[in-house]
């Protein structure tokens, strides 16, 4: 083993067939900030009188787990792992626009508290550790005037030494602000048929609170479950009409479709990540400006709601790439 800089570290991911049972990495994850996934402990200190002023005398470790953040660029292959871990259910089929090589992966919320889990293998040079039973607790998609980013909060079991091989890194198509459109409508179909609204910035946050359960007989988690799925976000749009201000003032809800488009990969099939929000409710739309010489913007804040009249969804994500989906 030898000491490395964080840029020379490597991380791999594999989806577990059985929660908590280690999986071999099937993909290398190129991170853009140093992963801070580390082992955690809860220690209980002994606090008794023993004829001295000094305290404490000793402590006992009662709980062990791992947690931390991870950030990557948004792309059509690596990002699917994290989006799938967040929502839990993936259905894959050949894309109708291709000739058989392109696949469309539809990612939806699973209706169970048992999450999809993964094994992360992290090689830092001096050590190589694997984190099993890893769950994505939250995910943030952010895009401004640069590359789109995904930021995840991960929790799982404490790490063990690993001898697993991390696959070779593969270059992927990255998405930037120039590659996406945002559309709004009365429902998903209406939004998809409408003209795109030009946004300056966009953030989408999805979260499912993770409960790490400890029970008698072990200092390791016996089970990890997730709670209610919630979503919210914000975006900035030019204040050149009253539309978004009035959505907030009038309590109008909208469906929202955000679509990133990359290269043509098979027939007329293109690399795509499409995020469909069944209904968003505007909880704020202040009119702002960065200064006296800058234009007014509408800074929209929204909550995601489950739409149960037409589309029956809170969120659905579709990804088109050249992977058959067996690794997801």
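If a residue has to be surrounded by fewer than 21 Cβ atoms within 10 Å (Cβ to Cβ) and either over 30 Å from residue 12 (Cβ atoms) or out of contact with any strand residue (DSSP E or B) (no Cβ under 8 Å at 6 or more places or on another chain) (or both) to count, how many in the stretch 298-325 make the cut?
12
Could you pull out the residue among 33, 92 that is more than 14 Å from the chain's Cα centre (by Cα) and under 19 Å from residue 326 (Cβ atoms)?
92
Is it true that residue 257 is touching a strand residue (DSSP E or B) at 6+ places or on another chain (Cβ under 7 Å), under 20 Å from residue 85 (Cα atoms) and surrounded by 17 or more Cβ atoms within 10 Å (Cβ to Cβ)?
No; evaluated as a whole, the condition is false for this residue.
Please verify whether the stretch 91-103 includes one or more residues that are surrounded by fewer than 15 Cβ atoms within 10 Å (Cβ to Cβ), modelled with pLDDT under 95, in contact with a strand residue (DSSP E or B) (Cβ under 8 Å, 6 or more places away or on another chain) and assigned to a strand (DSSP E or B).
no
Might you let me know whether the stretch 277-285 holds any residue that is surrounded by fewer than 21 Cβ atoms within 10 Å (Cβ to Cβ), touching a strand residue (DSSP E or B) at 6+ places or on another chain (Cβ under 8 Å) and closer than 24 Å to residue 189 by Cβ?
Looking for residues that are surrounded by fewer than 21 Cβ atoms within 10 Å (Cβ to Cβ), touching a strand residue (DSSP E or B) at 6+ places or on another chain (Cβ under 8 Å) and closer than 24 Å to residue 189 by Cβ, one finds at least one in the stretch 277-285, hence yes.
Please indicate, with yes or no, whether at least one residue in the stretch 58-73 is touching a strand residue (DSSP E or B) at 6+ places or on another chain (Cβ under 9 Å), outside any loop (DSSP other than H, G, I, E, B), surrounded by fewer than 16 Cβ atoms within 10 Å (Cβ to Cβ) and free of Cβ contacts under 8 Å to residues at least 40 places away in the same chain.
yes
Which condition number does residue 67 fail, the rest of (1) over 16 Å from residue 322 (Cα atoms); (2) touching a helix residue (DSSP H, G or I) at 6+ places or on another chain (Cβ under 7 Å) being met?
Checking residue 67 against (1) over 16 Å from residue 322 (Cα atoms); (2) touching a helix residue (DSSP H, G or I) at 6+ places or on another chain (Cβ under 7 Å), the one that fails is (2).
Assess whether residue 149 counts as being in contact (Cβ under 8 Å) with a residue 12 or more places away in the chain, under 16 Å from residue 32 (Cβ atoms) and either crowded, with 17+ Cβ neighbours inside 10 Å or out of contact with any strand residue (DSSP E or B) (no Cβ under 9 Å at 6 or more places or on another chain) (or both).
Answer is yes for this residue.
Does the stretch 23-37 contain at least one residue that is in contact (Cβ under 8 Å) with a residue 24 or more places away in the chain, closer than 17 Å to residue 158 by Cα, out of contact with any helix residue (DSSP H, G or I) (no Cβ under 9 Å at 6 or more places or on another chain) and part of a strand (DSSP E or B)?
no
Looking at the stretch 260-271 only, could you name the residues that are surrounded by fewer than 21 Cβ atoms within 10 Å (Cβ to Cβ) and within 19 Å of the chain's Cα centre (by Cα)?
Within the stretch 260-271, just 261 meets the criteria.
Quickly run through the stretch 114-124 and pick out the residues that are under 18 Å from the mean Cα position of the chain (by Cα), part of a loop (DSSP other than H, G, I, E, B) and more than 23 Å from residue 277 (Cβ to Cβ).
Listed by number, the residues that qualify are 114, 117.
Out of (1) farther than 16 Å from residue 116 by Cβ; (2) in a loop (DSSP other than H, G, I, E, B); (3) modelled with pLDDT of 90 or more, the odd one out for residue 1 is which?
Of the numbered conditions (1) farther than 16 Å from residue 116 by Cβ; (2) in a loop (DSSP other than H, G, I, E, B); (3) modelled with pLDDT of 90 or more, the odd one out for residue 1 is (3).
Please give the number of the condition residue 52 fails out of (1) surrounded by fewer than 13 Cβ atoms within 10 Å (Cβ to Cβ); (2) in a loop (DSSP other than H, G, I, E, B); (3) in contact (Cβ under 8 Å) with a residue 12 or more places away in the chain.
(3)
The values are calculated or read from the model by the stated rules, or taken from the named source; none is laboratory data. Just so it is clear, the model here is predicted, and its values are computed rather than measured. Glycine also receives a Cβ, built like all others from the backbone with ideal geometry; neighbour counts cover every protein chain displayed.
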